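Here, each number is a calculation from the coordinates, and none is a lab measurement. Please read these numbers as outputs of a predicted model, since none were measured by experiment. Using ideal geometry, Cβ is built from the backbone for each residue, glycine included, and neighbour counts are taken over all protein chains shown.
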Amino acid sequence: MALLDVRNLYIGYKTFKGVLDVVDGISFSIERGESLALVGESGSGKTSIVKAILRSLPGNAIARGRILFEGLDLLSASKEEVSKIRGARIAYIPQEPLSALNQLFTIEEHFIDRLLLAGREQTSLLRYIRERRRAPRELRELMIKALEEARIGEPERVLSSYPFQLSGGMLQRVLIAMAVATRPSLLLADEPTTALDVITQKEILGLLKDLQREMGMSILYVTHDLGVARMVADKILVLYAGQPAELGSSARVLGSPLHPYTSGLLRSIPKLSGEPMRPIEGGLPDYTNPPGGCRFHPRCPHAMDKCRALKPPGIAMDERLVHCWLYEV
């Protein structure tokens, strides 16, 4: 049984303009100890999928499908069941570490709240205050160990620091330490290297891979960077406008892409050889009125009448699934 199994997931947001159909039938699975990257342009539905896994979609979101974590369907589970998992067995690393932390509280105060509230739906104010008062003595050793595992020198100094006193790379390490302190089975990393320089980015990705190996975690990455996906992920799911394009091993998908959208993404990457970039013409569709059939067909050089009329299923081809009518048997 897969650790995480997402089956035929649909997500829509109700707005005054209509329903934004941002995720349109996504399926994938992650085995224990495996990593998968969701890849696509900004606005392709990647973060919405992560929020659905966390059961943190806004109240006006429509979601149907199944999200099985260790056999439990998170979409139909009770709030109590989900709360015991979220933050404990499923951990999350948010985008933009500086904005993810409150500048008025020290790293230690953030860390204490993370450890006290992980796996809980709610707690009384009196109980929280009582536990908060004795927490520093009981949890300090655990916090220092987690910071050291995230390769943070001088953990005592970092715990007493405020977020604005630390660099972006250091804050990202802090968020990683806070996420893995509870030894989760699944880590959700939403653009974990956003706004970091290339050297720091490589260090952070290397750290995540090392922690995955040491702890036996599974990781779901969200990224628009194919280079990041190639570096860290065992499998890649390419998304376009909320629809699946191609799912397979990183080596297969990026080494010999089959879907026209995947090929277009790779052609748009700058080359060291000086070969000119060839960006994909056009842009993402209006989600309140997306094109019928394959949503990529208005930008696809190989579009056929069938592409405009029918949404392509996953077609098994060269050890992967390709959602494209070009490969219909």
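What spacing in nm lies between the two simple spin-label points modelled at Arg308 and Glu31, each 7 Å away from Cα in the Cβ direction?
Result: 4.3 nm between the two label points.
Can you pull the Kirkwood radius for the chain, inverse mean 1/r over Cα pairs, to one decimal in Å?
Here the Kirkwood hydrodynamic radius works out to 21.1 Å.
Could you tell me the center-to-center distance, by alpha carbons, between the range 206-277 and the range 77-100 in angstrom?
When both Cα centres are located, 24 Å separates them.
Based on the Cβ-Cβ distance of Phe105 and Glu319, what FRET efficiency does E = 1/(1 + (r/R0)^6) give at R0 = 51 Å, to the nearest 0.05?
About 0.60, to the nearest 0.05.
Using helices alone, I'd like the mean residue ellipticity at 222 nm for the chain: each DSSP H run of four-plus residues gives -39500 (n - 2.57), total over residue count, nearest 500.
Calculated from helices alone, the mean residue ellipticity at 222 nm is -10500 deg cm²/dmol.
Just for the chain, what percent of DSSP beta bridges are antiparallel, to the closest 5?
60 percent
For the pair Ala77/Glu148, report the inter-label distance in nm, with labels modelled 7 Å from Cα in the Cβ direction.
Those two pseudo-labels are separated by 3.2 nm.
Using the basic label-point model (7 angstrom from Cα toward the beta carbon), what is the Glu141 to Asn289 distance in nanometres?
With each label placed 7 Å out from Cα toward Cβ, I get 6.5 nm.
May I ask you to order 249-256, 98-105 by the average number of other C-beta atoms within 10 Å around their residues, highest value first?
Put in order of decreasing packing, that is 249-256, 98-105.
Calculate, in nm to one decimal, what Thr15 and Glu96 gain on full extension: separation in residues at 0.36 nm each, minus their alpha carbon distance.
Stretched fully, the Thr15-Glu96 segment lengthens by 26.5 nm.
Calculate how many DSSP beta bridges within the range 136-283 are antiparallel, expressed in % of all such bridges and rounded to the nearest 5.
55 percent
Once you've got the Cα coordinates, tell me which of Lys84/Lys311; Lys209/Lys311; Lys84/Lys209; Lys51/Lys145; Lys51/Lys209 are over 32 Å apart.
In this structure, Lys84/Lys311; Lys209/Lys311 exceed 32 Å between Cα atoms.
Going through the DSSP H helices of the chain, which span 27 Å or more along their own axis at the Cα atoms while scoring at least -1.0 as a mean Kyte-Doolittle hydropathy?
Those that clear 27 Å and a mean of -1.0 are 125-149.
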